[in-house]
1. Whole-Hz Karplus ³J(HN,Hα) for the range 376-388, in order, using 6.51 cos²θ - 1.76 cosθ + 1.60 and θ = phi - 60°, x for Gly and Pro?
2. Rounded, prolate or oblate for the range 103-230? Axes are the square roots of the Cα gyration tensor eigenvalues, ordered a ≥ b ≥ c, and the cut-off for rounded is a/c under 1.5.
3. By how many degrees, 0 to 90 and rounded to 10, does the Cα axis of helix 423-441 deviate from the longest principal axis of the chain?
4. Quick one: accessible surface of ARG390, probe radius 1.4 Å, all protein chains present, in square angstrom to the nearest 10.
5. Given contacts defined as C-alpha pairs under 8 Å and at least six residues apart, what's the relative contact order of the range 341-392, whole-number percent?
6. Rounded to the nearest 5, what is the percent of antiparallel bridges among the DSSP beta bridges in the chain?
7. Leaving out ligands and nucleic acids, note down the accessible area per residue over the chain with a 1.4 angstrom probe, in whole Å².
8. Suppose every K and R has +1 on its Cβ and every D and E has -1 on its Cβ; what is the size of the dipole of the chain about the Cα centre, in Debye to the nearest 20?
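The values are calculated or read from the model by the stated rules, or taken from the named source; none is laboratory data. What you see is a predicted model, and the numbers here were worked out from it, not measured in a lab. Note that we place each Cβ from the backbone using ideal geometry, even for glycine, and neighbour counts take in every protein chain shown. For accessibility, only protein heavy atoms count, side chains too; no ligands or nucleic acids. Shrake-Rupley method; radii C 1.70, N 1.55, O 1.52, S 1.80 Å.
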Amino acid sequence: MLIMGNRLLGHIVSVAVMLFGVIVYGYAQPMSAFDKISNDRRFSASNYCIYPDTILLRQTPPPAGKRPFYLSHYGRHGSRYLSNRKGYDIPYKVLQKADSLGKLTPLGQHVKRQMEMIIRDSEGRWGDLSELGKQQHRGIARRMMKRFPEVFEGKAHVDAKNTTVPRCILSMGSAVQGMVALNPKLQVRMDASLHDMYYMNHQDKLLRGNMMTPVTKKAYDEYCCSREHNPRLMSLLFNDSVYVKEQVDEVWLNYYLLKTALIQQNTRMGSKIDFLDLFTYEDIHQYWQKENAWWYFMYGPSLLNGGKQPYTQRYLLRQIIQEADSCIHLKKPGVQLRFGHETMVLPLTCLLELDHFGYQTLDLNELEAHGWWACLVFPMASNIQFVFYRENLFDKDILVKVLLNEQEATLPVKSDNAPYYKWSDVRQYYLNKINSYEETRGQ
């Protein structure tokens, strides 16, 4: 019913893009964000992106004799419902009021009915892990075991922790379920406690207070100014332009309707709603740009607010290092799993400077061209895996490889065998980085 021409155009563009080669989520041949969105509009969903459907497990052979023996992980919960009703109520109440006054077009009435379906489906499930979220973690866990079987042999230990949020607890359970299905002998310990929240979900009041500074707000407002208005959408939904001008906040309605449409890919409603077709690829790309810039200065290394936001995860990184230092001395250390949120995964990735995500700039317009795309870091079920290698128990020359969403990542440390790095070099680099920040802060 909705804008079939736009849907047909989307199909044509998708086919055309696919003719240029198979594209793996975020890691294949260079491609612009607009092209990726034209190929799959779901890519624009920022932190609502679903975990990639197809994982290409590229494996660089380790140096001769080295075998994986320990794995340390931090991951985000899987696909979920919207956290609270407010995000749906904002656009729905605008449409509801307009409909009561006879100001909606037939298409606007159709969108209102679909909003009602979405709200009914989400009621009582705000923030809950969806079935897709459970599947994502089972899949990641099984691939982890198949990729590093030596770590999971026999009665290997699996120590799993998570934040106290139900969707994280269920994500942990789903991952462990996937592992035990492949090896029932695993010795599993699971825990969810406030005791570990100081590093599992640290909230740094000083850094959080500096997220949105006057300088940051001015730069962000200027960046968004040319990317907010969508008069074409208003004409599709409303039959009275004067009413729109006087009664409708165009910017927020445009934003929340598109956001509502994009998050549905995480729930069973994804196949039942079609108002994403209201938006052109240009509309969707602009939404992606604004979201990407917001995440950059709120949780990334943006110089606009001092470039220090990734240090919110210094306790988590220090914990990962300390636990690794302890575990690598064991004959069979096994696996440590941690489950939390995208607000940990993104700054941790930036603190680690994985690939190009340590990139710092004052100009938000530079982000897209430099490949700083937050959606590549924190889709639902996103994860960082530290995989440790040695020849035997007496081998002191331990190597580590880091995977970002199961793809080999580069580290800001010199190595003759990248993506394999000497653990001694890696730990020293990051401890120096954390210590330097804390000394400067006076902590």
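1. 6, 8, 10, x, 3, 6, 4, 7, 10, 10, 9, 10, 9
2. Here the range 103-230 falls in the oblate category.
3. 60
4. 20
5. 44
6. Taking every DSSP beta bridge within the chain, about 55 percent pair in antiparallel fashion.
7. I get 43 Å² per residue for this part.
8. The dipole of the chain has a size of about 1200 debye.
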